[in-house]
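Let me begin by presenting the structure, written as structure tokens, before commenting on it.
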Amino acid sequence: MIKRIVLLVLLVAITVLLLGTGGAYWAVSSAEPRYVAALEQPPEMLEESSRQLESRITTLSSDLQSEGNWQTVVSADELNGWLAYKLPESFPELLPKEIRDPRVVITPSEVVLAARSEVAGIDTVVSVIVEPYVTEEGDLAIELRQVLAGALPVPTKDIIDRLRRATARAGLKLRWTQNGGNTVMIIGREMWDTEDTQHRVLEALELADGEMFLSGKTEEVEVEERTQNPSDDT
């Protein structure tokens, strides 16, 4: 569940958003300092971090099957290790050749998705700044705050249109809304709450320096209860 939501959805988002800036003539070559720092991680550390994330996801998947509370912590180092090692191995066709070295930066207020790209003949870093959170209804929301080419902002309307079409083609059942002028992608809880005999509830998502905390609970329910409450699956 975590890999599908936190990794694959965000990878689709960053791929489409970065491609959407391909014609930006005003791109600059300055790079996000935190992104540069993430690129400087030693290869052996990235490889070990990738293994740690795979192990963490396996443990969480097991926890989700059992009744009770569950939680996990995903670090930026683990995500970046996965992007550096597991992404090319498991999804070699996901990123186009124009997109290189994707990395993630997590702060207490936002997640920065960044990668190198050639824009208007200039080698630059494109950054996608988002804020993930859990809605009152228990869905996962990803609010797009800003897209930057180097240090300059990129208009997002056409990029969002591309993202919506791409996620629809990928079969991702998402909803879209607005918050304070920002576009918000809503991932419905039915993506992980799929079992007839269980409710899997995502209760909280919190950001810290370099880490993202996820917690929730799994509740055993009678099949009749889910049949009598169809709103639980919407």
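The values are calculated or read from the model by the stated rules, or taken from the named source; none is laboratory data. Just so it is clear, the structure is predicted and the values come from calculations on it, not from any experiment. Because the Cβ atoms are built from the backbone with ideal geometry, glycine has one as well, and the counts that use them run over all protein chains shown. Accessible surface areas use protein heavy atoms only, side chains included; no ligands, DNA or RNA. Shrake-Rupley method; radii C 1.70, N 1.55, O 1.52, S 1.80 Å.
Just a few scattered comments:
- With every protein chain in place, segment 49-170: carbon and sulfur % of accessible area (1.4 Å): 47
- Distance distribution P(r), segment 114-212, all Cα-Cα pairs, bin width 10 angstrom from 0: 13, 37, 34, 13, 3, 0 percent.
- Ranked packing of 42-48, 160-166, most packed first, by mean Cβ within 10 Å: 160-166, 42-48
- Which of Asp209, Asp193, Asp158 is most accessible, then next, and so on - probe 1.4 Å: Asp209, Asp158, Asp193
- Accessible area (Å², 1.4 Å probe, nearest 10) - Tyr85: 80
- Using a probe of 1.4 angstrom and keeping all protein chains present, the accessible surface of segment 34-135 works out to 48 square angstrom per residue.
- Label-to-label distance, nm, for residues given as Arg164 and Asn182 (7 Å Cα→Cβ offset): 1.9
- This model, with +1 at the C-beta of Lys and Arg and -1 at the C-beta of Asp and Glu, gives segment 67-216 a dipole about its Cα centre of some 760 debye.
- By accessible area with a 1.4 Å probe, ligands and nucleic acids excluded, highest first: order of Lys97, Lys217: Lys97, Lys217
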